[in-house]
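Readers should treat all values here as calculations from the given coordinates under stated rules, not as data from a laboratory. Predicted model only: the values in this text are computed from it and were never measured. Note that we place each Cβ from the backbone using ideal geometry, even for glycine, and neighbour counts take in every protein chain shown.
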């Protein structure tokens, strides 16, 4: 496990289950916050740290599955682990299709939920690392001139200098100058590195 602070959130209206999960998760050194309803969870100011959500399927009012969909629509990207005493296959398929990490039917073994939590936290760490990288690349890309952006897109799409020169109506020497500036400003170590950056930025013309 990473030394980076991680938080496990629990939403379950069963006080005894909340308490048992809090004790179990806390026993392995993870920070845990428990709530009796989705509304309580949403009202809480979540820390800027890797996390995951252990969510009961059956809640008063809106179901856990519907709440998961609300989280996705709201852009709250916490990985979800569903727990339920009344699970069925269609329910679990719906949950997994919506991006759930795991769907556990009560009673489950302690190690099952802990394994699911560790997997969910690692998924969130990876997502946060990727988001941080894209934000940094976006800042670098914003520092390029309009012509450098055109050259970057064409280079990433596999065009040779001669082709780029013809397409943009400039000389090959000028293309080489712009290409060098792009590599320097984007901090790309190689052409393959630049292509990966273009892909992450979703640039038109960049390979998928």
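Seen against the Cα atoms of the chain and their longest principal axis, helix 15-27 is set at about 60 degrees.
For the chain, relative contact order (Cα pairs under 8 Å, six or more residues apart, normalised by length) works out to 15 percent. Taking percent of Cα pairs over 24 Å apart as calculated from this structure, the corresponding entry among (i) 53; (ii) 46; (iii) 40 is (i). Legend: calculated FRET efficiency, residue 163 to residue 185, from the Cβ-Cβ distance at R0 = 25 Å, rounded to 0.05, equals 0.70. Helix 64-73 and the longest principal axis of the C-alpha atoms of the chain enclose an angle of approximately 20°. Peptides 6-15, 136-145 ranked from most to least packed, by the mean per-residue count of other Cβ atoms within 10 Å: 6-15, 136-145. Taking the chain as the reference, fit the longest principal axis to its C-alpha atoms, fit the long axis of helix 110-142 to the helix C-alpha atoms, and give the angle between the two in degrees, 0 to 90, nearest 10. Between the helix axis and the principal axis of the chain, the angle is about 30 degrees.
Extension gain residue 14-residue 136, at 0.36 nm per residue separation less the Cα-Cα distance, in nm?
Values: separation 122, 0.36 × 122 = 43.92 nm, distance 4.27 nm.
The span from residue 14 to residue 136 would gain 39.7 nm if fully extended.
Distance between the modelled labels on residue 22 and residue 109, one decimal in nanometres: 2.7 nm (7 Å Cα→Cβ projection). Note on the chain: helix-only mean residue ellipticity at 222 nm, from DSSP H runs of 4+ residues weighted -39500 (n - 2.57) and normalised by residue number, equals -17500 deg cm²/dmol. For segment 152-177 versus segment 85-113, the inter-centroid distance based on Cα atoms is 52 Å.
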